[in-house]
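Data first, discussion second: the structure below is written as structure tokens.
The values are calculated or read from the model by the stated rules, or taken from the named source; none is laboratory data. Predicted, not measured: the structure shown is a model, and the values here were computed from it. For neighbour counting, all protein chains shown are included, and Cβ atoms are generated from backbone atoms with ideal geometry for every residue, glycine included. Ligands, DNA and RNA are excluded from the accessible area calculation, which covers all protein heavy atoms including side chains. Shrake-Rupley method; radii C 1.70, N 1.55, O 1.52, S 1.80 Å.
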Amino acid sequence: MRVDMPKADLKLAPSEAILGPSTLIYEGNEMNFQGQLDNLIAYALRDELLTGTLDFSSPRLDLLALAGEESTEAASESEDTTAMTVIRLPENIDFVLNAKIDSLLYDNIQIANLNGKIRLKEARASMEDVTMNMLGGKLSTSGDYNSKPEMPTANFRFAIQGFSFKESYRSLDMVKQIAPIMENMEGNYDMALD
């Protein structure tokens, strides 16, 4: 496991941390960062609001290589016995992540041109205008997870345009199980989910 950081720029002050253009390379994945955190000391000592932004970009990310896994098949063979719990997000953070990934690989799903914003604010994580090209078409999504209520809520919208039947069958194990007929279908499909 080799980690390279050919470029890094960090400026620290009592009230802020500024991450200048920085590059991290891990397992052949180049990740570029730039951003800022404000109100650090007040957040650490008095639990006040922490604000910040991070711009993240990458020409290519292989998520399994980043996680140190060979394939999702091996991971799915063992039974998960962990009890499910509610994930509570902090209420005193207002943070925006702007992402741009040219090529993303997850198992056997190839994703291109992933762009979008993720915001954490007042115990809510929201995705805003996240778009990506995959399965021969385009996926757009927006929505949020709100952990503030006793019973957290999730509200997401997905718009699929021009996904290939054959590519969906080849890439998605779930499709192979619930719609094996897609292996022999020609053409594309659109779908909207709320």
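Summary of values
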{"quantity": "Correct option for Rg/Rh (Cα atoms, Kirkwood Rh) [calculated from the coordinates] among (1) 1.23; (2) 0.98; (3) 1.01", "calculated": "(3)"}
{"quantity": "Per residue Cα convex hull volume in Å³ - calculated over segment 4-69", "calculated": "102"}
{"quantity": "Residue among Gly68, Gly20, Gly52 with the largest mean-square fluctuation in a Gaussian network model of the chain, springs linking Cα atoms under 10 Å", "calculated": "Gly68"}
{"quantity": "Options Met5, Asn133, Ile18, ranked by Cα towards positive dipole end of the chain, top entry (Cβ charges)", "calculated": "Ile18"}
{"quantity": "Förster radius 35 Å - calculated FRET efficiency between Asp190 and Ile93, Cβ distance, rounded to 0.05", "calculated": "0.45"}
{"quantity": "1.4 Å probe accessible area per residue over the chain, in Å²", "calculated": "64"}
{"quantity": "log10 of Debye I(q)/I(0), alpha-carbon scatterers only, for segment 140-194 at 0.26, 0.28 Å⁻¹", "calculated": "-0.97, -1.04"}
{"quantity": "Distance histogram in 10 Å bins (all Cα pairs of segment 115-163, percent per bin)", "calculated": "27, 43, 23, 7, 0"}
{"quantity": "Overall form of segment 85-129 per C-alpha gyration tensor (a/c, 1.5; a/b vs b/c)", "calculated": "oblate"}
{"quantity": "Max mean-square fluctuation residue, GNM over the chain, Cα-Cα springs under 10 Å, options Gln161, Gln177, Gln34", "calculated": "Gln177"}
{"quantity": "Portion, in percent, of the accessible area of the chain that falls on carbon or sulfur, probe 1.4 Å", "calculated": "55"}
{"quantity": "Coordinate range along principal axes, alpha carbons of segment 86-194, Å, largest first", "calculated": "51, 31, 23"}
{"quantity": "Extension gain (nm, one decimal) between Ser140 and Ile41, 0.36 nm per residue minus Cα-Cα", "calculated": "31.9 nm"}
{"quantity": "Distance violations [Cα-Cα > 29 Å] among Lys148/Lys176; Lys11/Lys117; Lys11/Lys148; Lys121/Lys176; Lys11/Lys138", "calculated": "Lys148/Lys176; Lys11/Lys148; Lys121/Lys176; Lys11/Lys138"}
{"quantity": "Separation in nanometres of the label points that stand 7 Å from Cα toward Cβ, at Asn108 and Ala67", "calculated": "1.7"}
{"quantity": "Percent RCO, i.e. relative contact order, over the chain, from Cα pairs under 8 Å lying at least 6 residues apart", "calculated": "12"}
